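The values are calculated or read from the model by the stated rules, or taken from the named source; none is laboratory data. No experiment lies behind these values; they were computed from the predicted model shown. For neighbour counting, all protein chains shown are included, and Cβ atoms are generated from backbone atoms with ideal geometry for every residue, glycine included. Areas reflect the complete protein model, heavy atoms only, side chains present, ligands, DNA and RNA absent. Shrake-Rupley method; radii C 1.70, N 1.55, O 1.52, S 1.80 Å.
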Amino acid sequence: MSEIATRLAAVQERVRAAEADCGRPAGSVQILAVSKRHSAAAMRAAYTAGQHAFGENYLQEATEKQAELADLALEWHFIGGVQSNKTREVAERFDWVHTVDRAKIARRLSEQRPPDHPPLNVCLQVNISEEPQKAGCLPDDVGDLAAAVDRLPQLRLRGLMALPAPAEGFDAQRRPLARLRELQQALREGGHHGLDTLSMGMSADLEAAIAEGATIVRIGTAIFGPRE
Ligand SMILES: *Cc1c(COP(=O)(O)O)cnc(C)c1O
């Protein structure tokens, strides 16, 4: 087995154990392999080991790797900040965007999504720890943003995403993740019945995220090793 296959198997095991620990069905949590600053060869090794969904943060880097991996049936998720001059390429090249945090970006993504593509799957990024410099809409604004995204024909609103401030210990990690789950629940009760995705949890806090209902955990280092 390649080193990446071994690491991926260990992450899969962590996810299965966490699902079991909180009584969630096996397979209810999807692993998104975050491949930023890792090579196309590393991604190919992960694919061979059974990983099909990849998250990229930088458009230029992702475009190069998409060309190198065009022979594979991969699912591409954009998880970096979306600048408004990059929306066209993101809308054309990705299956998911996890980082929509304002209506203007959402409108452009919908307008620029090619009509022969299925609607782009979208998560709203929420600045759940309300950190001053951090991307994401504020928790109080998520309802308005969700309503705006819902009206856009070429987007499909799937759920919420957060990158909480790093915290030590299970209980401290759980608190902001619980808040994201509660926000999602409030949106559902407010009429957004199709929301089925909570994108939260990384290498260091995936157990806490799964305990709070994550459906996608975004894992880089634990699969690919340290980034350069
Ligand atoms: C880099 C990154 C990750 C993965 O982080 P690791 O600590 O390497 O697992 C997850 N989510 C986002 C948005 C990232 O930018």
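What to note about this one:
- Förster radius 30 Å - calculated FRET efficiency between Asp71 and Asp140, Cβ distance, rounded to 0.05: 0.05
- For region 1-98, the fraction of C-alpha pairs farther apart than 20 angstrom is 42 percent.
- Heavy-atom accessible area order for His192, His117, His52, largest first, 1.4 Å probe: His52, His117, His192
- Sites Arg151 and Thr6 - FRET efficiency at Förster radius 45 Å, r taken between beta-carbons, to 0.05: 0.45
- Computed magnitude of the charge dipole of the chain (debye, nearest 20; Cβ of K, R +1, Cβ of D, E -1): 280 debye
- Separation in nanometres of the label points that stand 7 Å from Cα toward Cβ, at Glu111 and Ala40: 3.3 nm
- Carbon/sulfur fraction of accessible area - region 3-224, other protein chains in place, 1.4 Å, %: 49 percent
- Residue with peak Gaussian network fluctuation, the chain [Cα springs, cutoff 10 Å], from Gly190, Gly201, Gly213: Gly190
- Cα gyration tensor, the chain - rounded (a/c under 1.5), prolate or oblate: oblate
- Each Cα pair under 8 Å and six or more residues apart adds its sequence gap; the mean of these over the residue count of region 105-228 is a relative contact order of 21 percent.
- Residues of region 58-91 falling in the label zone of Lys104, defined by backbone nitrogen less than 15 Å from a point 7 Å along Cα to beta-carbon, are 82-88.
- GNM top mover of Asp21, Asp71, Asp95 - the chain, alpha-carbon springs below 10 Å: Asp71
- Those chymotrypsin sites (Phe, Trp or Tyr not before Pro) in region 76-139 that DSSP places in a loop and that have at most 14 other beta carbons within 10 Å: none
- Accessible-area ranking of Lys86, Lys65, largest first, probe 1.4 Å: Lys86, Lys65
- Accessible solvent surface per residue of region 109-170, calculated while the other protein chains remain in place, 1.4 angstrom probe, Å²: 50 Å²
- Mean Cα-pair separation over length for region 47-106, i.e. relative contact order, pairs under 8 Å, 6 or more apart, %: 34 percent
- Normalising the average separation of contacting C-alpha pairs (under 8 angstrom, six or more residues apart) by the number of residues puts the relative contact order of region 3-224 at 21 percent.
- Centroid-to-centroid separation of region 112-164 and region 1-55 [C-alpha atoms, Å]: 25 Å
- Cross-link partners of Lys134 among lysines (Cα-Cα below 22 Å; sequence separation of 8 or more within a chain): Lys36, Lys86, Lys104
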